[in-house]
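Colleague: What follows is a single structure, and I will ask about it in a moment.
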Amino acid sequence: MADTTNASSVVPVPFHKRPNYKWVIVAMLWWMCFFNYADRQAIFSLFPLLQKEMNLDAVQLGWLGSSFALVYGLLAPFAGNIGDRFRRKNVIIWGLYVWSIICLLTGFSRRFVHLLFFRAAEGMGETFYFPATTSLLSDYHGKRTRSRALGLHNTGVYVGTIAGGFFAGLIGQHYGWRLSFYVFGGLGIILGLAIMWFVVEPQRGAAERAELGAEQQGAGSQRQQAQEQPSGGFLSAVGAMLAYLACVAVMTYLGYHIGRVTGFTSTIGGVPIGAALGALPGIAIGVYVAMYIVHGRRGVEFLRWVFGTPSVLVLMLVFMGANFVALVALSWLPKFVFDKFHLPLALAALGATFPIQVATMIGAPMGGWFADLLRRRTPGGRMIVQALALIIGAPFVYLAGLAPALWGFFAALVFWGLLKGMYDANIFASVFDVVPPRMRGTAAGFMNMAGWLGAFPAPVIIGIIATRHNLSVAIASASGVYVAAGVLMLIGVAAFARRDAARMERSLLEMRS
């Protein structure tokens with residue numbers, strides 16, 4: 001009888017407080033990551049059909065990739081701010097709904113301008129996912145498992161890219177390109193409805209407090225808790241975004257106008273260079289104004305932290321180069337295989353994505369494991385893994401573009417993918433080694449901004465080079481970007497990594513005192 005009474009008095013542990021939940025949340029968010037990339041990849045497999053139906057040239061096709069990246073990058077800082085200010089669970093789920101609906105609507109496009117609009121709008125929807133997700137996962141996983149957790153989550157990128165490319169090509173090949181967007185958009189909406197109740201918001205900074213010996217619940221002073229909680233409201237976030245976009249628009253127009261007045265009217269891919277140069281200070285001014293509107297002095301504090309932490313700046317610049325090459329692969333390899341090796345649409349998409357993405361998926365946990373191990377030995381451990389991955393990967397990018405036979409192309413893609421995965425696994429984990437927990441969502445947003453604004457010209461530039469030479473030469477030329485990025489990363493490790501990691505750890509200890 002006593003045993004029965006004791007058994008009945010045991011209070012069940014909530015599912016999100018069980019030890020294995022931190023890996024369950026990785027699995028659930030993996031599926032969202034899958035659709036995030038499946039939706040964005042679908043259009044690239046359909047380039048031959050779109051080119052034929054709408055009579056598009058290589059530069060216009062390039063803009064279908066660049067428009068997504070441009071909007072994604074411009075809005076990325078606000079995605080990070082929203083992830084820091086509001087419940088990350090809501091940001092993730094509603095982001096999924098928005099981009100899935102936009103993907104579905106893409107199927108109704110009748111002209112190039114419609115495609116361009118929906119591709120840009122999808123960039124707006126998808127930009128909110130990664131900053132909030134990486135911040136949330138980092139509060140379930142400390143430095144001993146963070147790279148592995150983020151690396152495993154990021155395998156959804158690779159599986160989603162393969163599936164998005166292949167099934168979009170297969171559906172398009174048999175039923176037309178429009179149905180591909182209907183299917184992927186609809187499935188994303190269903191996924192959100194299915195798992196929205198099982199994603200639980202963690203306390204911010206919980207992993208670090210646990211590693212420093214504090215209790216996760218109720219730990220720290222009231223001042224510390226206030227610093228880590230999101231603040232502000234919806235109207236200030238919208239106002240900041242509008243102010244930022246206004247700064248970008250005004251400076252872009254001024255750059256364009258000054259170019260016309262001075263006779264500097266050169267263009268790249270149809271875009272005036274003067275306008276592009278004017279946009280750069282517009283972004284800088286807009287970010288400062290928006291951060292002040294949203295966070296006041298704390299926003300300025302974040303900018304000072306970022307620009308006073310050289311490791312963060314190095315990581316941003318390197319990500320610009322790495323993502324430039326990644327976007328070349330995503331946007332142009334399916335058409336490259338279709339044109340050069342004369343495979344059917346679905347098989348061309350599979351051949352362009354499967355070798356590199358599966359290899360990247362394998363390389364990601366390997367890179368996470370090596371980085372976690374090396375991070376225990378030196379503060380710049382994750383950055384060293386990333387730098388070596390880029391430098392060693394460069395020759396395989398070159399060989400992929402110039403391979404004369406399909407087997408050689410596949411071999412180059414495999415090695416390119418393995419090394420790319422080792423870099424990708426540590427994109428955000430490296431930043432989080434030198435940024436305090438309360439700033440990580442915003443920092444991830446800034447990383448996304450840098451990576452995608454650096455990458456957005458890639459599809460158009462490759463289209464221009466392909467028009468003047470050929471697509472093989474255009475793809476091979478991207479290898480030089482990998483080399484430059486890898487060398488810059490090694491310089492950052494040698495000069496800044498140890499100092500910046502120590503600074504972040506001192507900040508955590510000061511918050512506890």
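The values are calculated or read from the model by the stated rules, or taken from the named source; none is laboratory data. In this text, all values refer to a predicted model and were calculated from it rather than measured experimentally. Ideal geometry is used to build each Cβ from the backbone, glycine not excepted, and the neighbour counts take in all protein chains shown. When the accessible area is computed, the model is the full protein with side chains, heavy atoms only, and any ligands, DNA or RNA have been set aside. Shrake-Rupley method; radii C 1.70, N 1.55, O 1.52, S 1.80 Å.
Colleague: In this structure, does Arg144 turn out to be of a type outside the set (Phe, Trp, Tyr) and open to solvent by 30 Å² or more (accessible area, probe 1.4 Å)?
Modeller: Considered against the rule, which asks whether it is of a type outside the set (Phe, Trp, Tyr) and open to solvent by 30 Å² or more (accessible area, probe 1.4 Å), Arg144 comes out as yes.
Colleague: Also, I was wondering about something else. In the list Ala149, Ala132, Ala163, Ala120, which residue meets the criterion of being farther than 28 Å from Val431 by Cβ and among the aliphatic types (A, V, I, L, M)?
Modeller: From the options Ala149, Ala132, Ala163, Ala120, the qualifying one is Ala163.
Colleague: Is region 322-336 home to any residue that is under 24 Å from the mean Cα position of the chain (by Cα) and farther than 28 Å from Gly172 by Cα?
Modeller: Within region 322-336, one or more residues are under 24 Å from the mean Cα position of the chain (by Cα) and farther than 28 Å from Gly172 by Cα.
Colleague: Return only the number of the condition from (1) of a type in the set (A, V, I, L, M); (2) buried (at least 23 other Cβ atoms within 10 Å of the Cβ); (3) modelled with pLDDT of 95 or more that Ala371 does not satisfy.
Modeller: Result: Ala371 passes all but (3).
Colleague: Report the residue count in region 407-438 for those that are touching a residue at least 24 places away in the same chain (Cβ under 8 Å), among the aliphatic types (A, V, I, L, M), open to solvent by less than 10 Å² (accessible area, probe 1.4 Å) and assigned to a helix (DSSP H, G or I).
Modeller: Of the residues in that region, 3 qualify.
Colleague: List the pairs whose first member sits in region 498-513 and is at pLDDT below 70, whose second member is in a helix (DSSP H, G or I), and whose Cβ atoms are under 7 Å apart, counting only residues at least 6 apart or on separate chains?
Modeller: Leu508/Glu208; Met511/Gln224; Met511/Gln227; Arg512/Gln224
Colleague: If I ask for residues that are among the small types (Gly, Ala, Ser), within 24 Å of Leu313 (Cβ to Cβ) and not in a helix (DSSP H, G or I), which ones from region 377-406 would you list?
Modeller: Gly380
Colleague: Same structure, new question: Run Ile462 past the list (1) under 18 Å from Val314 (Cβ atoms); (2) assigned to a helix (DSSP H, G or I) and report the number of the one that doesn't hold.
Modeller: It fails just one condition, (1).
Colleague: Going by the structure shown, is Thr360 hydroxyl-bearing (Ser, Thr, Tyr), touching a residue at least 40 places away in the same chain (Cβ under 8 Å), touching a Ser or Thr at 6+ places or on another chain (Cβ under 6 Å) and surrounded by 24 or more Cβ atoms within 10 Å (Cβ to Cβ)?
Modeller: no
Colleague: Now for a different question. Mind checking which pairs have a first residue in region 50-67 that is farther than 23 Å from Ile171 by Cβ and assigned to a helix (DSSP H, G or I) and a second that is among the polar types (S, T, N, Q) and open to solvent by 60 Å² or more (accessible area, probe 1.4 Å), Cβ under 8 Å, 6 or more apart or different chains?
Modeller: Ala58/Thr467; Val59/Thr467
Colleague: Considering Thr467, Thr442, which residue is part of a helix (DSSP H, G or I), in contact (Cβ under 8 Å) with a residue 24 or more places away in the chain and crowded, with 24+ Cβ neighbours inside 10 Å?
Modeller: Just one listed residue meets the conditions, Thr442.
Colleague: Among the residues in region 59-80, are any more than 17 Å from Ala120 (Cα to Cα) and either open to solvent by 10 Å² or more (accessible area, probe 1.4 Å) or of a type in the set (S, T, N, Q) (or both)?
Modeller: No, there is no match, as no residue in region 59-80 is more than 17 Å from Ala120 (Cα to Cα) and either open to solvent by 10 Å² or more (accessible area, probe 1.4 Å) or of a type in the set (S, T, N, Q) (or both).
Colleague: Please go through region 267-287 and give me each residue that is more than 30 Å from Ala494 (Cβ to Cβ) and either in contact with a Ser or Thr (Cβ under 7 Å, 6 or more places away or on another chain) or in a helix (DSSP H, G or I) (or both), ordered by number.
Modeller: Pro272, Ile273, Gly274, Ala275, Ala276, Leu277, Gly278, Ala279, Pro281, Gly282, Ile285, Gly286, listed by residue number.
Colleague: Oh, and also: On the given criteria, is Leu170 surrounded by 24 or more Cβ atoms within 10 Å (Cβ to Cβ) and either within 17 Å of the chain's Cα centre (by Cα) or at pLDDT 80 or above (or both)?
Modeller: Against the criterion (surrounded by 24 or more Cβ atoms within 10 Å (Cβ to Cβ) and either within 17 Å of the chain's Cα centre (by Cα) or at pLDDT 80 or above (or both)), Leu170 does not qualify.
Colleague: If the Cβ limit is 6 Å and pairs must be 6+ apart or interchain, which residue in region 169-180 that is under 18 Å from Arg40 (Cβ atoms) and assigned to a helix (DSSP H, G or I) pairs with which residue that is β-branched (Val, Ile, Thr) and at pLDDT 90 or above?
Modeller: Short answer, once both residue conditions are applied: Leu179/Ile171; Ser180/Ile171.
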